1. Using 0.36 nm per residue of separation minus the Cα-Cα distance, give me the extension gain between Lys190 and Asp210 in nm, one decimal.
2. Given the pairs Lys184/Lys230; Lys190/Lys225; Lys116/Lys190; Lys164/Lys190; Lys24/Lys226, which span a C-alpha to C-alpha distance of over 30 angstrom in this model?
3. Using a/c under 1.5 as the rounded threshold, could you call segment 135-234 rounded, prolate or oblate? The axes a ≥ b ≥ c are square roots of the C-alpha gyration tensor eigenvalues, and prolate needs a/b larger than b/c, oblate otherwise.
4. Step by step: find N for the chain, compute 2.2 N^0.38 Å, then divide the Cα radius of gyration by it. What's the final number?
5. Summing -39500 (n - 2.57) over the DSSP H runs of n ≥ 4 in the chain and dividing by its residue number, what mean residue ellipticity at 222 nm do you reach, to the nearest 500 deg cm²/dmol?
6. How much area per residue is accessible in the chain when the probe is 1.4 Å and only protein heavy atoms are counted (Å²)?
7. Once you mark the trypsin sites (Lys or Arg not before Pro) that are in a DSSP loop and have at most 10 other Cβ atoms within 10 Å, what is the longest gap between them in the chain?
8. Please tell me the relative contact order of the chain in percent, rounded to the nearest whole number, where contacts are Cα pairs under 8 Å and at least six residues apart.
Amino acid sequence: MVGTALTRTSIYIDGYNLYYSRLKGTPYKWLDIAALFRDRILLPQDPGATVVAIKYFTAPVKANYARHAEASSQAQTQYLRAIQSRAPGLVQIINGFHIFGAASLPTYREGTSPSKDDVSRVWMIEEKQTDVNIALHAYRDAVRGACDQLVICSNDSDLEPALKMIREDVPTARLGLVMPLRDKDTEAGKVPNKRLTALAHWVRRHIRDDELAQSQLPQHVPTPKKPASKPLHW
């Protein structure tokens, strides 16, 4: 029970969702995910929790599409090395992949509705497997009894079926949700996904700037090889 015994907790972070919904455009990208999610979010919520795994779901950057080209790919590599070395044995990286493809989508016209008769050919880039990887890892950990509590950082409704199944198949498991949103996002129309929050035992509805600022990695993080250093453009 929370408060009376250690609650073995696994944390599942949708790196894409976290970056684009909360970190992009901020100076907080060099984020120590263990310091943020374990020390500043989870433990105040559940002082009896002990984190047994932090799983970070992402996909390798496509350098030929990224804003900073090869520097973006190198930045991601440095970051993943840093967060793993900062919490050795605790942080796991689970990779998906990106695909490019041509698509026909309705052309945007001011003041008109989308029309299937007015389309444009565009390139689309999609991140693949992240949602299914989060869902499968969370469900498997729950049914195997690898943890007592699962904390998921995502606002993506694709996770709803997995959360429903965990609630039904492992009713003793606790579910926590951390929404990767700013505390002012409701003004911009971004709100916590109600389909997900309805399934959680507790919800953190935003991540504050001060929490991010207090959870930054050192400029240079020691690793078994050479240090992982904060990218210049971050």
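The values are calculated or read from the model by the stated rules, or taken from the named source; none is laboratory data. The structure presented is a predicted model; accordingly, all values stated were derived computationally and were not measured. When we count neighbours, we look across all protein chains shown, and the Cβ atoms used for this are built from the backbone with ideal geometry, even at glycine. Protein only, heavy atoms only, side chains kept; ligands, DNA and RNA dropped before computing areas. Shrake-Rupley method; radii C 1.70, N 1.55, O 1.52, S 1.80 Å.
1. Taking Lys190 through Asp210 to full extension adds about 5.2 nm, to one decimal.
2. Where the Cα-Cα span goes over 30 Å, the pairs concerned are Lys190/Lys225.
3. The shape class here is oblate.
4. Dividing the Cα radius of gyration by 2.2 N^0.38 Å gives 1.08.
5. -6500 deg cm²/dmol
6. Value for the chain: 54 Å² per residue.
7. 25-66
8. Worked out over the chain, it gives 25 percent.
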